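The values are calculated or read from the model by the stated rules, or taken from the named source; none is laboratory data. Please read these numbers as outputs of a predicted model, since none were measured by experiment. Positions of Cβ are backbone-derived with ideal geometry, glycine not excepted, and every protein chain shown enters the neighbour counts.
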């Protein structure tokens, strides 16, 4: 059984109801251990104010979402992406994040060259990693489901992500989001391969059948088909001791509910379903 006292709220889960200040207060009031803000709500509040309020609330920051989006059609676009990722590293450091999550990006506009996009991702992570190491900020590659290969992330399996970790060295790990990797027949082997040192984040939700929208219809844990206890067993057996970060994009359901109800259900479902 999972321990709900290890819960972290990814702010995307209540992004339509609460701003960051409300998320911080709600997490503290509901006894969550941590929070994982997105950069847009962080910018809206102000990095320094957010850092102070998170610290005062006694919350860990399981991750900052997100860096990445490296591929571009020209050198200027690639340079702009690197500048933005350096800013993301600085923000992650300022709020005490345990990692900066990377959603690496897909094909540049007009391109069909997936191999080149993946090469650009490798180069972009390598350049960002140099900066992140100086700041002692771990980078966590989040492989996304293959349906996002064109527009969001051309790293689509944990194996691909770990190959990048092997190639680029220390300071780089992975974020395991069950929504994106649950289908992978090699998942258990790759989680074990990652080990404690490279398992930097663990994201929970569920895959609904049918799924009405591939981006905005994630399920609450226990409402879908993912064997969450099994995946949690794999990550814990590999040595992961971090927080269970709940990240649910749900335009038609959870984004319409009272956020206090959402947080109460998260705690119940982590105990029962994750």
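The figures follow:
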| quantity | calculated |
| --- | --- |
| Subset of the range 125-141 that is out of contact with any strand residue (DSSP E or B) (no Cβ under 8 Å at 6 or more places or on another chain) and part of a helix (DSSP H, G or I) - its residue that is surrounded by the fewest Cβ atoms within 10 Å (Cβ to Cβ) | 134 |
| Yes/no for residue 167 being in contact (Cβ under 8 Å) with a residue 40 or more places away in the chain and assigned to a helix (DSSP H, G or I) | yes |
| Leading residue by the ranking (farthest from residue 204 (Cα to Cα)) among those in the range 241-271 that are under 18 Å from the mean Cα position of the chain (by Cα) and outside any loop (DSSP other than H, G, I, E, B) | 250 |
| Segments classed as helices (runs of 4 or more DSSP H), wholly inside the range 1-87, with at least 2 members that are under 27 Å from residue 253 (Cβ atoms) and touching a helix residue (DSSP H, G or I) at 6+ places or on another chain (Cβ under 8 Å) | 20-30, 39-45 |
| Lone unmet requirement of (1) in contact with a helix residue (DSSP H, G or I) (Cβ under 6 Å, 6 or more places away or on another chain); (2) farther than 25 Å from residue 22 by Cα; (3) in contact (Cβ under 8 Å) with a residue 40 or more places away in the chain for residue 241 | (1) |
| Count - residues of the range 95-121 that are outside any loop (DSSP other than H, G, I, E, B) and crowded, with 16+ Cβ neighbours inside 10 Å | 10 |
| Among the candidates 163, 227, residue that is at pLDDT 95 or above and either farther than 25 Å from residue 271 by Cα or within 17 Å of the chain's Cα centre (by Cα) (or both) | 163 |
| Filter pass, residue 172 being surrounded by 24 or more Cβ atoms within 10 Å (Cβ to Cβ), under 19 Å from the mean Cα position of the chain (by Cα) and over 30 Å from residue 222 (Cα atoms) | yes |
| Candidates 225, 189, filtered to the one that is over 23 Å from residue 37 (Cα atoms) and assigned to a loop (DSSP other than H, G, I, E, B) | 225 |
| Among the residues listed as 226, 248, the single one being more than 30 Å from residue 131 (Cβ to Cβ), crowded, with 21+ Cβ neighbours inside 10 Å, touching a strand residue (DSSP E or B) at 6+ places or on another chain (Cβ under 8 Å) and in contact (Cβ under 8 Å) with a residue 60 or more places away in the chain | 248 |
| Residue in the range 207-220 that is under 11 Å from residue 178 (Cβ atoms), part of a loop (DSSP other than H, G, I, E, B), touching a residue at least 40 places away in the same chain (Cβ under 8 Å) and touching a helix residue (DSSP H, G or I) at 6+ places or on another chain (Cβ under 8 Å) present | no |
| Residues that are crowded, with 18+ Cβ neighbours inside 10 Å and either more than 18 Å from the chain's Cα centre (by Cα) or modelled with pLDDT under 95 (or both), drawn from the range 58-77 | 71, 72 |
| Subset of the range 230-240 (residues that are over 16 Å from the mean Cα position of the chain (by Cα) and in a loop (DSSP other than H, G, I, E, B)) | 238, 239 |
